[in-house]
């Protein structure tokens, strides 16, 4: 969807303006400059002088943990299996 439509443009919502195209190209360039693992700029993450300038902390996503437990319990279900996690309502 063109960015201008997201900002409220209503005429011909399928047509991309030059500004829409420029914004999309700029976003692609920004994303290409980011590490796909951590999201930080590769100019920083790949700089040997900054090797020990990073800290990390473990965070647990409880939804992913539930998915992983279910997958382990189910065993090998073959290729293409996807897991849907849903939040229980209190009292369930």
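No lab work stands behind these numbers, since they all come straight from the coordinates. The model shown is predicted, which means the values in this text are computed figures rather than measured ones. Note that we place each Cβ from the backbone using ideal geometry, even for glycine, and neighbour counts take in every protein chain shown.
If you run the Gaussian network model on the chain, springs between alpha carbon atoms under 10 Å, then out of 81, 42, 25 the most flexible one is 81.
Relative to the longest principal axis of the Cα atoms of the chain, helix 18-32 runs at roughly 40 degrees. Highest mean packing first, where packing is the average number of other Cβ atoms within 10 Å per residue, the peptides 70-76, 85-91 line up as 70-76, 85-91. With contacts taken as Cα pairs under 8 Å and at least 6 residues apart, the stretch 1-74 reaches a relative contact order of 15 percent. Here the sum of -39500 (n - 2.57) over DSSP H runs of 4 or more residues, divided by the residues of the chain, equals -11000 deg cm²/dmol at 222 nm, to the nearest 500. Extension gain, residue 29 to residue 60, is 8.1 nm, computed as 0.36 nm per intervening residue step minus the present C-alpha separation.
Taking Cα Rg over 2.2 N^0.38 Å as calculated from this structure, the corresponding entry among [x] 1.63; [y] 1.73; [z] 1.78 is [y].
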